[in-house]
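Everything below concerns the one structure shown next.
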Amino acid sequence: MKTIEETIKSTTKENQDKVDWTKAWSKEYPVLKRYQDEVDTKSYEDKLDEMLETLMKEHGYSYTDAMLVLKDILYHQYLKNK
């Protein structure tokens, strides 16, 4: 685990932005490779946009901070229901 943390710290944001995370994670989770052909993503995007806007307005978060908070909430929900 320490190696992962060290790798994250030593990797620049510029390099992180170049990674195709969907492609990388789809090796472990194949659904990530195919869901865009199966799911009407627009309706989910609209709902996510609403949640992001709410977080930004109610808490004064930037877009990035709101996205990180929403992502963390989703992760904790995943752990809870795993």
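The number of residues in the stretch 52-82 being among the basic types (Lys, Arg) and not in a helix (DSSP H, G or I) comes to 1. Counting only helices (runs of 4 or more DSSP H) that sit completely within the stretch 1-51, those holding 2 or more residues that are among the polar types (S, T, N, Q) correspond to 2-10, 13-18, 21-26. One residue alone among Lys13, Lys18, Lys23, Lys27 is surrounded by 10 or more Cβ atoms within 10 Å (Cβ to Cβ) and modelled with pLDDT under 95, and that residue is Lys23. Filtered by the rule that a residue be open to solvent by 100 Å² or more (accessible area, probe 1.4 Å) and closer than 24 Å to Thr64 by Cα, the stretch 30-39 gives a lone residue, Gln36. Among residues of the stretch 40-82 being under 20 Å from Asp17 (Cβ atoms) and of a type in the set (S, T, N, Q), the one that is least open to solvent (accessible area, probe 1.4 Å) is Ser62.
The values are calculated or read from the model by the stated rules, or taken from the named source; none is laboratory data. Values in this document were obtained by computation on a predicted structure and should not be read as measured data. Glycine also receives a Cβ, built like all others from the backbone with ideal geometry; neighbour counts cover every protein chain displayed. When the accessible area is computed, the model is the full protein with side chains, heavy atoms only, and any ligands, DNA or RNA have been set aside. Shrake-Rupley method; radii C 1.70, N 1.55, O 1.52, S 1.80 Å.
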